[in-house]
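Before any comments, here is the structure.
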Amino acid sequence: MNPHQQPPAGNDSEPQLRPHSYDGIQEYDQRLPNWWLNTLYGAIVFWIAYWFVYMIAGLVAPPGAQVDAEMARIAALKLADSIDVTNDNKFWEMSTNPVFVDAGRQTFNSLCIPCHLPSMRGKSESPTAIGPDLTDMAWIHGGTPKEIYTTVSKGVIVKGMLAWEPVIGQKKTVEVVAYVLSRHQKGEPITVQAENK
Amino acid sequence: MSEDPRPAPPRPTRDTPHRPVRDSVTTINTDGSRYFLYPADARGWFLSARRLSAYVLIAVYLLLPWVPVNGHPAVFLDVAERRFHFLGYTLAAQDSWLLFFGVSGLGFALFFLTALFGRLWCGWACPQTVFLDHVYRRIERWIEGDAPARRALKLAPMSGAKFARRLFKHTLYILASLAITHLFLAYFVSLPELWLFMHETPGEHWSAFLFVFIAAGLLYFNFAWFREQLCIVICPYGRLQSALTDDHTLVIGYDARRGEPRGKLRHDGTEDLPRAAAHQATVFAPPPATTGDCIACNRCVQVCPTGIDIRHGLQLECIGCAACIDACDEVMIKVRRPTGLIRYDSLAGLSGGVTRWIRPRIILYGVLLAVGATVAIWSFSTVKPANFLVYRMSGAAYFVGSEEVRDQFMVRIVNKRTVPATFLVSTEGVPAGIRQTGFAGPVTLAPMAELVSPLVLLVDREHYNGPFKFSVKVTDAARTFALTREVEFMGPDPRLLHEDDEERKHPAKKKGDAHD
């Protein structure tokens, strides 16, 4: 064969023109690459398999159910880790535990001192302070550990005391209560006087 | 028929050389199967330059995770910590809006360069071309030989030797793919972390393992088999470029005016002398022959990695690799004709006109690039080392006490730097007689730490004149930057407050006031 002879045209039949013409533009009807078609067929097969596995056979839980299960698992973990906030004695125990008290002091110093002052003495220390004294035995919204916890976690909205538990979580809320209680004695005589501090 | 001594030309099959036509993609046969190319070697100035550019790019890619700048790898996209280090410059997740300017700036730069120089990116800088031409094809060339040898090996029946060569080649392909993907992962997890991953079982870091496994598999598939199909069928930039170029854009083209009509080189040498003389003189004088300069040697087709015939004109498959320029120049020198029958030129230049470099398109893209680059430089250079937010505490908007009106805010500061930083928070534009609690002194934040703390403002009743706007400002200790947020001090209508005060002072007057 002559070495300079042109090899034959790549596609032995001429491509067919489609019958339509838009703005004078016509197009060829070319065969799509097989690899391209195979990805399409593969996607269809995948869709059917996915649909069967997830929706019909239930071999794998649907994504929504997976999320629900994971959320339930997290909720259960949280519940198992949660602290018994109905038991006054537990709070008193924590108030003597330096780990809880130190953690509570840190949270208190970053969030509570603008109103209650670093000394925790509030209005007793400075009449211009916003928050009441937390070290004396006179309480406005109840002075048992349970009640203090409720005040911190749910807040006193009308007075500007924020509901802190949604902000900092239960653990930190409990630690702050432990820190406040560390300035008190179990069994000390407390009084509750509504609002004229 | 029996009188014709020549055998009938064989029907084209998937494995015989095809003649490229303009209406179809050479690498896709009429039955949809793949026509695998065996591009021949081209040697010349452009190959050397491209190889140099590719080696520099590969070296940069391989070295960036290794070179420390300011205590971090030169490029380290720390996804786990959401800190992104670029040559000693650290960005936080809060700065991700900059990505818009980075990407759009890059886009405008590509617009501009494409309108001027065509598919320079594809042929010289695209990772697909860089790795394919300068890593994978080099491996293939080294193991399986030149184009005819590779085609012969493909057609040869399977044998021990063929299998061994193929196995060796694919092993090297896989090793190269693994090296590229491991380095890629190092951009995101850093090298020490990657080293740790590699020493532990895949189960410990199954997501990283899966990523490398799948990415290396895709690279291997792409570079071993898919190759030019990515550029022709998949790459959106390749398609987009058709809309960015015009008749004055630099492309690789064939000078049909000089080359046509093609004619076989005559071996009697009759044409050699005048052409040699023309070659000596730099200006080409048309030869007295009836044929053009193209000797129809098909060398430009043989070297093309996308299987086109550049003599058909500009085609979408062309990635601008310049292999055909090198091939044609080599032949032209051999036949003592001027080089540049195939060259970088605009379509206007190739058809005898003059390339206009400055055109409306260039000006438009240039302006877009200038605007984009200016905004990008401005935004990158003014990134603050902290994130700062002031918001009202939940609950009531304001509190009225016996002495004062009180507004409560939360201030959130994020130290975006990798060193501890001290911040000062102050208020600006507050009226006299206001008191502030919280943020009395400077606060120090650990690297990348976040602080949320209350800021409470109180105005004495007698000084209270109604709601007002003020700003909260944060600076660092050295005052190298400042961020301010405007917030509103909210409160009741001062008249109501003063009426209330009057009532409290003079309870008896209450009735009289009511009648007023």
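Taken together, the values in this text are just the output of simple stated rules run on the coordinates, not laboratory data. In this text, all values refer to a predicted model and were calculated from it rather than measured experimentally. As a convention, Cβ positions derive from the backbone with ideal geometry for all residues, glycine included, and neighbour counts pool all protein chains shown.
Cross-link pairs exceeding 20 Å in C-alpha to C-alpha distance, out of A:K90/A:K146; A:K159/B:K505; A:K123/A:K159, comprise A:K159/B:K505. Straight-line cross-link partners of B:K162 among the lysines, defined as a Cα under 18 Å from its Cα and at least 8 positions apart when in the same chain: B:K154. Rounded to the nearest 500, the helix-only mean residue ellipticity at 222 nm of chain B stands at -12000 deg cm²/dmol, with each DSSP H run of n ≥ 4 adding -39,500 (n - 2.57). As a length-normalised measure over Cα pairs under 8 Å and 6 or more apart, the relative contact order of chain A settles at 18 percent. Contact order, relative form, for chain B: 14 percent (alpha carbon pairs under 8 Å, 6 or more residues apart, mean separation divided by residue count).
Shielding of peptide A:109-118 by partners, expressed as the average count of other chain Cβ atoms within 10 Å per residue Cβ, is 4. Applied to the range B:316-322, the Karplus parametrisation 6.51 cos²θ - 1.76 cosθ + 1.60 on θ = phi - 60° returns per-residue 3J(HN,Hα) values of 4, 6, 5, 9, x, 7, 6 Hz, with x for Gly and Pro.
Give me the percent relative contact order of the range B:426-503, please, defined on Cα pairs under 8 angstrom at least 6 residues apart.
Numbers: 86 pairs, mean separation 23.6, N = 78.
Contact order relative to length: 30 percent.
Which of rounded, prolate or oblate describes the range B:119-253 when judged by the alpha-carbon gyration tensor and an a/c cut-off of 1.5? It comes out oblate by the Cα gyration axes. Relative to the longest principal axis of the Cα atoms of chain B, the long axis of helix B:360-381 makes an angle of roughly 40 degrees.
Per-peptide packing, taken as the mean over residues of other Cβ atoms within 10 Å, places B:82-95, A:171-184, B:399-412 in the sequence A:171-184, B:399-412, B:82-95 from highest down.
If you take each beta carbon of peptide A:29-39 and count the beta carbons of other chains within 10 angstrom, what is the mean? Intermediate values should be presented prior to the final figure.
Details: counts 0, 6, 8, 3, 10, 6, 8, 5, 1, 1, 0.
Partner Cβ neighbours, averaged per residue: 4.
In chain B, the longest principal axis of the Cα atoms and the axis of helix B:206-221 are about 30 degrees apart. Specify whether the C-alpha gyration tensor of the range A:130-197 places it in the rounded, prolate or oblate class, a ≥ b ≥ c being the square roots of the eigenvalues: rounded for a/c under 1.5, otherwise prolate if a/b is larger than b/c and oblate if not. In terms of gyration-tensor shape, oblate. Starting at the first residue of the range B:434-441, write each ³J(HN,Hα) from the Karplus equation 6.51 cos²θ - 1.76 cosθ + 1.60 with θ = phi - 60°, in whole Hz, x for Gly and Pro. Taking θ as phi minus 60°, the curve returns 9, 10, 10, 10, x, 6, 5, x Hz for the range B:434-441. Ranked by the mean number of other Cβ atoms within 10 Å per residue, highest first, peptides A:90-98, B:115-123, A:42-50 order as B:115-123, A:90-98, A:42-50.
Relative to the longest principal axis of the Cα atoms of chain A, helix A:63-81 runs at roughly 20 degrees. A dipole drawn for the protein assembly as shown from +1 and -1 charges on Cβ atoms has a positive end, and of A:P145, B:V79, B:L341 the residue lying farthest that way is B:L341.
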